[in-house]
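No value in this document is a laboratory result; all are computed from the given coordinates. All values reported here derive from a predicted model rather than from experimental measurement. Backbone-built Cβ (ideal geometry, glycine too); neighbour counts: all protein chains shown.
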Amino acid sequence: MADDDRVLPAALAEVAGVEFDDGDGVDFEPFDAFLDAEETTDWLRAWTGNPEVDGDAFRVFGQDGTGGYGAIWLARPGRPLAEQPVVFLGSEGETGVVACDLASFLWLMADGSGPLEAVEYPARGSRPNAELAGIAERWAPGGRRSAAEVAAEAAERYPDFEDMVFELCR
């Protein structure tokens, strides 16, 4: 990965500036920076119960109300952050790939879903958010898709993510 893989991409920085309201049905609190490497490792060790695991494969950029994390998963060696999948690791053990890349994640958010909703309710109906749609149009023009389509593609492309995560658990 490039030296700047710990710098929040500009598109996610814009998402971090959006105020999420529980009334919109999205339980997500974006961060204005990635968790640092030490915090990510500490969290992943606690989450998995595995003192030997490190958090190098994840760039955590937000959380839901229960403390579950949205993260970029560095699953594609040598590719930029924007081309890596977005995942959810929930506080109660929920896991899943939310979007195949950052552009798809922006459209998932624009359609009214966050990481938790994409994993727990992948077929939920659209709840468009005009502000997030504007961000998605700026950073991923022409990529509009429903959250359900984004989540389905991610689940299909990365079917082994949950097994990989649970192999880390002790």
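Some observations on this one:
- Global geometry of segment 1-83, whether rounded, prolate or oblate, following the gyration tensor of its Cα atoms and the 1.5 cut on a/c: oblate
- Charge-dipole axis of the chain as Lys and Arg at +1 and Asp and Glu at -1 on Cβ define it, positive-most pick from GLY62, ALA16, ALA155: ALA155
- When the GluC sites (Glu not before Pro) in segment 28-69 are filtered for DSSP coil states and for at most 15 other beta-carbon atoms within 10 Å of their beta-carbon, the remaining sites are GLU52.
- Where only DSSP H runs of four or more residues are counted, the chain gives -10500 deg cm²/dmol as its mean residue ellipticity at 222 nm, each run worth -39500 (n - 2.57).
- Taking every alpha-carbon pair under 8 Å whose residues sit at least 6 apart, the chain reaches a relative contact order of 20 percent.
- Computed from Cα atoms, the angle from the helix 130-139 axis to the main principal axis of the chain rounds to 70 degrees.
- Rounded to the nearest 20 debye, dipole of segment 10-165 from Cβ charges on Lys, Arg, Asp, Glu: 640 debye
- Taking other residues whose beta carbon is less than 11 angstrom from the beta carbon of ASP54, and scoring Lys, Arg as +1 and Asp, Glu as -1, yields -3.
- Cα centre as origin, Lys/Arg/Asp/Glu Cβ charges: segment 86-162 dipole, Debye: 360 debye
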